[in-house]
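These notes are about the structure you will find just below.
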Amino acid sequence: MGRSERVAVIGAGYVGAVTAAVLAHFGHAVVLAESDLYRYAQLASGKSPIVERDLEELLQEGLASGKLRVVNSAAEAMPDAEFVFLCVPTPQGGDGSADLSAVKLVLGEIRTLLVSHAVLVMKSTVPAGTSKLVTELLERPDVSVVSNPEFLREGSAVADSLHPDRIVVGVDDESVARRVAGLFGATNAPLIVTSATTSETIKYAANAFLATKLSFINSIATLCEVAGADVRDLIVALGYDKRIGFDFLSPGPGWGGSCLPKDTAALVQIADSFGFDFAMLRAVIAQNDDHADRVVEKIRVAVGGTLAGAEVAIWGLTFKANTDDRRDSPSVDIVRRLGRQGATLRAYDPTVAPGATESDLEGVEIFSSPYDACSGAQVIAILTEWDEFRNVDFYKVGELMTARAIVDARNLLDPIALRAMGFGYSGIGRP
Ligand code: UDX
């Protein structure tokens, strides 16, 4: 264990809450600042504001040991903080670029409060060149600005932070980079020290590559369908090639979430701003949009040709399993497309309560079990890979439905068993 440092973390979203909890676990004295009153109160009482494996336990561990403190404003976290992690959101702006207003707001709040020779660590995903801009806005030559992108995945964010594949630190001063990396001294991850601009670009490149891999495998799945091949065997054969690997090769309803769509759009825009047309990445994004239409088409065919008035059961609304996040969820996107074609939508998701009124669910009736959702339905569309869908009693399901059809956009189920029960089955890229 390295020496204990005094750390402030600004913003308690996925990245901030997890970073604070993990740094406290590593033995640092961490103050987590969250301006949203409700979220602040939840955190202060040891409740995780998000569904995230192991996060609540780690937060409670930090609060109990006194290593973690939660405050309601960035200013309160400043006294004594040698390291200040900026973890505020950088949502997609109107033109696809990252919206830096939350970053600028916090900079205004903390500019004069940062202790002498503090290190400001940018964990928010920001375009190449932002660390330089932040340095200018701060007007604090004694403060070092460092880029330290986060690669955590929702659902396994704590494990990803405790055992990162690599740590990237972008700053010109090597000794500052070592101090930042030292905060994570408990991990044996390789350290890449580079310029801030390279570090910022690494984050976008990683997410764009993952999106590219997914658009590729979803396209290959479509090819398998038309050619009569089986994408599941193909993936095994590809995966054994060490240069390709098994990860991020599961075809699905398309890729979504709070990062991949916004970061790919931002990278296209960043490239544009330098006069480079990143046509390949535009094609990756366009493929994802077309792919959603293909899933809708499968559902249309499964109900016999017209979606207008069709009763469609949706299983899964989050953008992937083991999270309650529906931001840019492919499932919600497909639900909207089905709604526009006149389908009646009955949905179940373990993280969405019946009666939910969020605007993304407008026109969708939410049920408290997969059985209730498929009662009276003509087709079930499985859009999120929740484990519980594998263990559903399909005899019971068949009796509840008016027609037996399943579109399994996550390839979760066994078509042979289902067909034997009289279900029509359509997966992604498989017979
Ligand atoms: C992603 C990156 O993985 C992470 O490194 C970065 O820090 C934030 O963005 P996350 O948004 O949590 O993480 O989601 P991820 O697990 O990457 O999944 C993204 C989308 O791809 C989801 O919609 C998921 O369902 C889909 N996906 C993923 C597949 O369809 N198939 C796969 O094999 C993997």
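Before moving on, here are some points about what is shown:
- Among the trypsin sites (Lys or Arg not before Pro) in the stretch 155-221, those placed in a DSSP loop whose Cβ has at most 16 other Cβ atoms within 10 Å are Arg166.
- Excluding ligands, DNA and RNA, the accessible surface per residue across the chain is 43 Å² with a 1.4 Å probe.
- Solvent-accessible surface (1.4 angstrom probe) belonging to Val332, in square angstrom, nearest 10: 10 Å²
- The chain: most fluctuating residue of Leu338, Leu133, Leu412 per GNM, C-alpha cutoff 10 Å: Leu133
- If only the Cβ of Lys and Arg carry +1 and only the Cβ of Asp and Glu carry -1, the dipole of the chain around its Cα centre is close to 440 debye.
- Extension gain from Ser156 to Tyr38, taking 0.36 nm per residue of separation minus the Cα-Cα distance: 40.1 nm
- Cα-projected label distance for Ser368 with Glu399, points at 7 Å along beta-carbon direction, nm: 2.1 nm
- Mean separation of Cα contacts under 8 Å, 6 or more apart, over the residue count of the chain: relative contact order %: 12 percent
- A straight chain from Glu109 to His163 at 0.36 nm per residue would run longer than the Cα-Cα distance by 16.2 nm.
- Label separation (Thr198 vs Asp414): 5.1 nm, computed from points 7 Å beyond Cα along the C-beta direction.
- What a 1.4 Å probe finds exposed on the chain is 54% carbon and sulfur by accessible area, rounded to a whole percent.
- Positive contributions from Lys and Arg (+1) and negative ones from Asp and Glu (-1), summed over other residues with Cβ under 12 Å from the Cβ of Val268, come out at -2.
- When the listed pairs Lys132/Lys203; Lys298/Lys320; Lys104/Lys132; Lys47/Lys104; Lys213/Lys242 are checked against a 23 Å cut-off, the alpha-carbon distance exceeds it for Lys47/Lys104.
- Our estimate of slack between Asn391 and Ala205, defined as 0.36 nm per intervening residue step minus the Cα-Cα distance, is 63.2 nm.
- Accessible surface for Ser116 stands near 80 Å², nearest 10, in the context of the full protein assembly shown (1.4 Å probe).
- Candidates Ser258, Ser45, Ser329: whichever shows maximal mean-square fluctuation once the chain is modelled as a Gaussian network with Cα springs under 10 Å: Ser45
- Overall form of the stretch 291-431 per C-alpha gyration tensor (a/c, 1.5; a/b vs b/c): rounded
- Sites Asp360 and Ser175 - FRET efficiency at Förster radius 41 Å, r taken between beta-carbons, to 0.05: 0.30
- Given a 1.4 Å probe and the protein chains as shown, Val226 ends up with an accessible area of around 120 Å².
- Here r is the Cβ-Cβ distance between Glu57 and Ala308 and R0 is 41 Å; the resulting FRET efficiency, rounded to 0.05, is 0.25.
- Once exposed loop GluC sites (Glu not before Pro) are cut out (DSSP; at most 14 other Cβ, 10 Å), longest piece of the chain: 140-357
The values are calculated or read from the model by the stated rules, or taken from the named source; none is laboratory data. In this text, all values refer to a predicted model and were calculated from it rather than measured experimentally. Cβ atoms come from the backbone with ideal geometry, glycine included; neighbour counts cover every protein chain shown. Calculation scope for accessible area: heavy atoms of the full protein, side chains included, ligands and nucleic acids excluded. Shrake-Rupley method; radii C 1.70, N 1.55, O 1.52, S 1.80 Å.
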